[in-house]
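The values are calculated or read from the model by the stated rules, or taken from the named source; none is laboratory data. Quick caveat, the model's predicted, so the values are computed rather than measured. FYI the Cβ positions are ideal-geometry reconstructions off the backbone, even for glycines, and counts take in every protein chain you see. Each accessible area value is taken on the protein alone, full model and side chains, heavy atoms only, with ligands, DNA and RNA left out. Shrake-Rupley method; radii C 1.70, N 1.55, O 1.52, S 1.80 Å.
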Amino acid sequence: MITPIPNQERTECFHKMLMWDLHLLELVLLSITLKSSTTIQEMGTRLSTPSPSSPDRFLPVPEPTVLLEPWRKGDCGRDELLHEVKEFKPSTEVLRIVLYGPTGAGKSSFINSVQRILFGRNAMNALENSTLTRTNVTKKLKTHKLKKGRGEPYPLEIVDIMGIESTDGGIKHEDIIKAFEGHISDEYIFNPGAAITNDDPKYKKNPTLRDKVHCLVCVLPADSVSRMDDKVFEQMKHVRDRASLLGIPQVIVMTRVDKACEMVSQDLKKIYYSKKIKEKVDVCCVNVGIPLNAIYPVKNYSESITQDADTDMLLFMALRDILNLANDYVEHELEKDE
């Protein structure tokens, strides 16, 4: 005969079985949770770690090098600029400008490029150095009298001088100042160790307006202007301060734009859409103190022996404004003498 289990014991037994089942359920749920967490972590690791054959989707997006809008717009075409420049009539017999800047910036190359666009063919007025070796090829003051045709003089003279260097091997800023004030005669040989003195045979004590420079042109290379030594900019500041005091107009011609930007090297028409060229122009503006609207990026004819319309356009734009600024200064000086 089976003895019945008292109700109290039956309840206690049932309670123990229930607690055991709950404990087992907790273990099962904990196991599932741990497995799920591990799986999610592995999935996250796989997503965040790129495979060797796929690009890293989490690398920073490079900034665009092409501007949506040009930072400068041209105002006329090449033929119009050519006519305006070649038929320019100054208010004096001839205008004079001086080029100054660091060694290897392309001063002599700019002179030859200007003569070339006036001729419409290859020309070499100034002695140039190779673009690969930036050494001072210009040792003396040389006035280049331009022509617009065979035997036909052009009313512009460009004065070429020795380049500025961060060491003691370049021109003194005092000599640059004396040059644009008209005190130094042609063929004077610069001495890197000392500036010209008043008793030098090549020193003009009383220069006329014809002897003086009517526009000061600073030539800077776009591909290395950001790395130029502060000592070079310090000398330029002395020059700029003196020219400003005399009211002489000043511009920057920024050369070697094709070496500073790959996009511009492939297509010169895109120069005003290049963010890199705009940044180089800003560097020139900040370090020299000349406003943006007086800075002209150009490409010299240092390699090509054939004419290029886009290269011509940039050179013509710079030359046209230099002529107008120089003539404005001459007119102002003539009015003072009346």
**Request:** Consider a paramagnetic label point 7 Å from the Cα of residue 234 along Cα→Cβ; state which residues of the stretch 146-169 have an amide N under 12 Å from it.
**Result:** 166-168
**Fill in**
Calc'd 3J(HN,Hα), the stretch 193-205, phi into Karplus 6.51 cos²θ - 1.76 cosθ + 1.60 (θ = phi - 60°), Hz, glycine/Pro = x, comes to x, 7, 7, 5, 10, 5, 9, 6, x, 8, 8, 9, 7
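Mind ordering 149-155, 308-314, 213-219 by average Cβ neighbours within 10 Å, highest first?
Details: 149-155: 11.3, 308-314: 17.4, 213-219: 26.0.
Averaged packing, sorted descending, gives the order 213-219, 308-314, 149-155.
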**Asked** If you roll a 1.4 Å probe over the heavy atoms of the protein chains, what accessible area per residue do you get for the stretch 231-338, in Å²?
**Response** 46
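Given Cβ point charges of +1 (Lys, Arg) and -1 (Asp, Glu) and nothing else, what value in debye, to the nearest 20, does the dipole of the stretch 165-227 about its Cα centre take?
Values: 8 positive and 11 negative charges, 50 e Å.
I would put it at about 240 debye.
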**Message:** Can you give me the % of accessible surface on the stretch 93-337 that is carbon or sulfur? Probe 1.4 Å, all protein chains present, nothing else counted.
**Reply:** 49
**Prompt:** With respect to the cross-link table entries 237/278; 142/204; 139/269, which display a Cα-Cα separation exceeding 24 Å?
**Reply:** 139/269
**Fill in**
Given backbone amide H placed at 1.01 Å from N, residues whose amide H is under 5 Å from that of residue 219, ignoring those fewer than 5 places away on the same chain, are 100, 101, 253
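Using heavy-atom solvent-accessible surface (probe 1.4 Å) with all chains present, what is the largest-first order of 86, 140? Intermediate results must be reported in sequence, preceding the final value.
Numbers: 86 50, 140 85 Å².
Sorted descending by solvent-accessible area, the residues read 140, 86.
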**Message:** Spelling out what I want: for every residue of the stretch 95-104, take phi, set θ = phi - 60°, compute 6.51 cos²θ - 1.76 cosθ + 1.60 (Karplus), and round to whole Hz; glycine and proline get x.
**Reply:** 9, 10, 10, 10, 9, 9, x, x, 4, x
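Run the dipole for the stretch 93-337 about the Cα centre, Lys and Arg Cβ at +1, Asp and Glu Cβ at -1, nothing else charged, and hand back the magnitude in debye, nearest 20.
Working: 35 positive and 35 negative charges, 80 e Å.
The calculated dipole for the stretch 93-337 is roughly 380 debye.
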**Complete:** Using eta = 1.567 mPa s and T = 4 °C, Stokes-Einstein with Kirkwood Rh from Cα pairs puts D for the stretch 93-337, in µm² s⁻¹, at 71
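If packing is taken as the average number of other Cβ atoms within 10 Å across a peptide's residues, how do 326-332, 230-236, 199-205 rank, most packed first? Let's see the in-between values first.
On the way: 326-332: 18.6, 230-236: 16.9, 199-205: 11.3.
Descending mean neighbour count gives 326-332, 230-236, 199-205.
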**Asked** Which of the aspartates and glutamates could be linked to residue 275 by a straight reach, that is with a Cα gap under 12 Å, when you skip same-chain ones fewer than 8 residues away?
**Response** 63, 69, 262
**Complete:** Whole-Hz Karplus couplings 3J(HN,Hα) for the stretch 307-313, θ = phi - 60° and coefficients 6.51, -1.76, 1.60, Gly and Pro as x, run 6, 9, 4, 5, 5, 4, 4
